[in-house]
Amino acid sequence: MSDDSITIRRLTEVDAALAAQLNAEFDEGMVWDAAEGRRFLESGDNLLLAAFWGGQVRGFATAHRLQRFDRRRAEVLLYEIGVNEGFQRRGVGTALVAEVKRWAREVGADEVWVLTERDNTAAMALYTATGGHADPPGTTMFTYLIED
């Protein structure tokens, strides 16, 4: 593999060395947890992708298949995508989105959707460049925190 090629791999297990590489790419405060990670990876409705460049993790994406009960079949939530700052605008994010869309077709989904803030210009540019369409203005997400 040359240093300038991107390889996207679906992760089905994560050892300590790979967890360390992923932790370096995660948002601040996010750390791979072996037990929770194993639970995540065991579900066929969850996806964890890693983008490798020169043998090192340079980006990742997570997605979830959401089964519907109507004719729409299923949809996929592209939950998170992260690309190492030094590898942004080099095709890593585009390759990750393409693989999420490929997986969505594989699992019978008819739509992939993702949320971001309007001031996240890098994400807005990536999602537009990869064929995403912004929802109409006024769409708002509400979050419910579940307490123990």
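The values are calculated or read from the model by the stated rules, or taken from the named source; none is laboratory data. Since we're looking at a predicted model, the values are computed, not measured. All Cβ positions, glycine included, derive from the backbone under ideal geometry; neighbour counts span all protein chains shown.
Here is how the numbers come out for the structure above:
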{"item": "Residue that is nearest to LYS101 (Cα to Cα), among those in the stretch 21-57 that are surrounded by 11 or more Cβ atoms within 10 Å (Cβ to Cβ) and polar (S, T, N, Q)", "result": "ASN46"}
{"item": "The stretch 60-73 residues that are without any contact (Cβ under 8 Å) to a residue 24 or more places away in the chain and more than 21 Å from GLY93 (Cβ to Cβ), paired with ones that are surrounded by fewer than 17 Cβ atoms within 10 Å (Cβ to Cβ) and among the aromatic types (Phe, Trp, Tyr) (beta carbon under 8 Å, 6 or more apart)", "result": "none"}
{"item": "Among residues of the stretch 73-102, those that are assigned to a loop (DSSP other than H, G, I, E, B), touching a strand residue (DSSP E or B) at 6+ places or on another chain (Cβ under 6 Å) and of a type in the set (Lys, Arg), counted", "result": "1"}
{"item": "Which listed residue is under 17 Å from the mean Cα position of the chain (by Cα) and without any contact (Cβ under 8 Å) to a residue 24 or more places away in the chain, from ALA19, ALA34", "result": "ALA19"}
{"item": "Residue selected from the stretch 92-138 under the condition of a type in the set (Lys, Arg) and loosely packed, with under 15 Cβ neighbours inside 10 Å, by the criterion modelled with the lowest pLDDT", "result": "ARG118"}
{"item": "Neighbours by Cβ (under 6 Å, 6+ apart or cross-chain): first from the stretch 87-116, farther than 17 Å from GLY44 by Cβ; second in a helix (DSSP H, G or I)", "result": "GLY93/LEU126; THR116/ALA123"}
{"item": "Enumeration of residues in the stretch 7-60 that are polar (S, T, N, Q) and not in a strand (DSSP E or B)", "result": "THR12, GLN21, ASN23, SER43"}
